[in-house]
Amino acid sequence: MKKSESIKTVAIIMGFYNGKKFIFEQLNSIISQSYKEFKIFIFDDQSNEKITQSELISYKENFSKISIIERKSNFGYANNFLQGLKDVGSGFDYYAFSDQDDIWEKNKLEIGLKKIQELNSQNSVLYCSRTSYFDNDSMNEIGSSRNFTKLPEFKNALIQNIAGGNTILINNKARNLIVNSLISDKFISHDWWCYLLISAAGGNIIFDTTKTLRYRQHGGNLIGGNHKLKDRIFRFKRFFLGNFKEWTDVNISNLLKNKNLIKKENLRTLQKFIDARNSNNIFHKIILYKNSGVFRQSFLENLIFIIGVILNKI
């Protein structure tokens, strides 16, 4: 990176809940980053397991880079990250999310920062990337996340999240946008909300095909990978059981509460999508849905979602 860019600071927001088994390996991978201008904020969401200051002393010269913040009550997965984004303040140039059990590739931050800076945008910017799936011991690669090829935009974000939270890096303007939107008690996931709102507000979304971290697959994952047939069948069942509709209800409610932050053209898309969901006429419903322009990243998923809108499952 250029010398003038080396002073840019990054706040890394890590959610922690009963993850001591893996967290120190993750901390080591962050401390070892090729880009060094960062500070790690660990938000302990009322975990039964505690990280002590004495356990962090071993990091010696990096000790001052790590802070532990204990929640007074359990915020839950999404709110812990989103409130963490607010709690660390606006004094950083960039903000990254980190899970407690991944392993970052050594140049993860450097890659993300370079991509954002190359864009040279004055808008809110969200960078995200692909990941490698590893087994419980993080020794063997067992797959990877999908390579999305369609443009990341609001019409996609309404019905699909392609921004893995553990890969996200946003600029200060995007951080302030998200913080100003936190007027709801419930969010489905912090990463989906970031993708939704930043794209809705006309910000830039960068999806990088580079795999920047090792996403550990184990029984404690709140949200695991989607590379195995059984994972896809499970998600397919949840879709037709109505889970996705519940998520969409929450996302739409939160978007409507933040209409002042959304570009007019995206508000029109949102309204067409809402009208399609609410219509009682099947043919009218399909027409409205198609006119809204919303889309998934694959042909098969788009077919399934047309069936879903007819059956009131989205």
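Read-outs throughout are calculated quantities, based only on the coordinates presented, and are distinct from any laboratory measurement. Everything quoted here is computed from the prediction, not taken from an experiment.
Couple of notes before you dig in:
- Pairs of alpha carbons in the chain whose separation is greater than 27 Å (percent): 43 percent
- For the chain, the mean residue ellipticity at 222 nm estimated from helices alone is -12500 deg cm²/dmol, where every DSSP H run of n ≥ 4 contributes -39500 (n - 2.57) and the total is divided by all residues, rounded to the nearest 500.
- Pairs with C-alpha atoms separated by more than 28 Å, drawn from the list K65/K211; K108/K313; K155/K186; K72/K115; K72/K259; K20/K65, are K108/K313; K72/K115; K72/K259.
- Here the stretch 1-135 is described by how far its Cα atoms reach on the three principal axes: 43, 31, 29 Å, from widest to narrowest.
- Each 10 Å bin from 0 upward holds the following percent of the Cα-Cα pairs of the stretch 129-191: 16, 41, 29, 14, 0.
- Sequence-distant aspartates and glutamates (8 or more away, or on other chains) whose Cα lies within less than 13 Å of K8: E37, D93, E110
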